[in-house]
Amino acid sequence: MTPSRSGGATASVAECETLTKGKRLDDIAGTWCRYFQLDLAPQRLEDAILQRITRLIAAKGEPMRGVQEVLRYFREAGYKIALATSSSRQVIAAVLNKLSLWHFFDAISSADDEPRGKPHPAVYLTTLRKLNLNASQCLVIEDSFTGFCAAQSAGIATIVIAEDSQHARFQAAAGRYQTLPELLEALSAEPAAAV
């Protein structure tokens with residue numbers, strides 16, 4: 001972050017991602033209002049972002065490469081599948097409607113329904129209760145460090161899917177891949193070895 005002439009800060013897309021990826025929208029809005037010294041209530045920014053995001057998803061939403069194949073793999077193998085996300089219920093609905101993915105999930109949990117968002121493990125603990133499973137019976141696939149920390153705090157083995165998955169901060173992960181197709185390839189080659 002660098003100071004701007006207006007007294008706020010400027011940030012690259014990568015810096016913004018580092019500050020916000022995996023966090024709840026209310027946390028993101030608060031962060032942006034502070035860092036960029038916006039003369040705007042965080043709730044107003046959150047509402048504007050949510051409205052824009054849901055419109056963009058409906059108009060242009062595309063799945064992460066390999067997501068449908070990975071979901072299908074686990075469904076066909078007989079696993080329960082849950083979504084435990086920092087996204088709001090409106091964003092969850094927009095994505096699952098756009099991509100026709102509702103049928104894959106046995107449980108869906110939003111950090112919006114929790115007192116604290118990721119990296120706090122609450123959304124994962126709620127999901128475990130919904131599935132009636134223990135942490136040792138589950139595996140999380142995460143795409144953010146914030147989510148990885150939350151899953152680890154909940155005691156759940158975690159596979160990381162991220163461009164920087166080989167970074168030392170993910171060393172405790174059960175598996176580290178840059179893309180979902182890489183994970184699917186590992187699962188198809190030898191399911192037990194993928195984890």
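I'd like to know if the stretch 126-137 contains one or more residues that are at pLDDT 95 or above, under 18 Å from residue 28 (Cα atoms) and not assigned by TED's automatic domain parsing to the domain that holds residue 27.
no
Could you list all residues from the stretch 152-169 that are under 20 Å from residue 17 (Cβ atoms) and surrounded by fewer than 19 Cβ atoms within 10 Å (Cβ to Cβ)?
Across the stretch 152-169, the qualifying residues are 163, 164, 166, 167, 168, 169.
For residues that are part of a helix (DSSP H, G or I) and modelled with pLDDT of 95 or more, scanning just the stretch 99-125, find the one that is nearest to residue 175 (Cα to Cα).
124
Search the stretch 162-188 for residues that are touching a residue at least 24 places away in the same chain (Cβ under 8 Å) and pair each with any residue that is aliphatic (A, V, I, L, M) and exposed (fewer than 15 other Cβ atoms within 10 Å of the Cβ) when their beta-carbon atoms are under 6 Å apart and the residues are at least 6 apart or on different chains.
Sorted first by the residue in the stretch 162-188, then by its partner, the pairs are 174/195.
I need the full set of residues from the stretch 16-29 which are modelled with pLDDT under 80, in a helix (DSSP H, G or I) and not hydroxyl-bearing (Ser, Thr, Tyr), in order please.
Answer for the stretch 16-29, where residues must be modelled with pLDDT under 80, in a helix (DSSP H, G or I) and not hydroxyl-bearing (Ser, Thr, Tyr): 16, 17, 19.
Looking at (1) in the same structural domain as residue 176 (by TED's automatic domain parsing); (2) without any contact (Cβ under 8 Å) to a residue 24 or more places away in the chain; (3) not in a helix (DSSP H, G or I), which one does residue 96 not meet, given that it meets all the others?
(3)
Would the stretch 163-185 turn up any residue that is under 25 Å from residue 77 (Cβ atoms), at pLDDT below 95 and touching a Phe, Trp or Tyr at 6+ places or on another chain (Cβ under 8 Å)?
Yes; the residues of the stretch 163-185 include at least one that is under 25 Å from residue 77 (Cβ atoms), at pLDDT below 95 and touching a Phe, Trp or Tyr at 6+ places or on another chain (Cβ under 8 Å).
Exactly one of these conditions fails for residue 116: (1) assigned by TED's automatic domain parsing to the domain that holds residue 23; (2) surrounded by fewer than 17 Cβ atoms within 10 Å (Cβ to Cβ). Give me its number.
Tallying (1) assigned by TED's automatic domain parsing to the domain that holds residue 23; (2) surrounded by fewer than 17 Cβ atoms within 10 Å (Cβ to Cβ), residue 116 fails exactly one: (1).
For a quick check of your reading of the model, give me the residue pairs whose first member lies in the stretch 133-146 and is within 14 Å of residue 121 (Cβ to Cβ), whose second is in a strand (DSSP E or B) and at pLDDT 95 or above, with beta-carbon atoms closer than 6 Å and at least 6 apart or on different chains.
140/158; 142/158; 142/160
The values are calculated or read from the model by the stated rules, or taken from the named source; none is laboratory data. On a predicted model such as this, the values are computed, not experimentally measured, just so you know. Cβ atoms come from the backbone with ideal geometry, glycine included; neighbour counts cover every protein chain shown.
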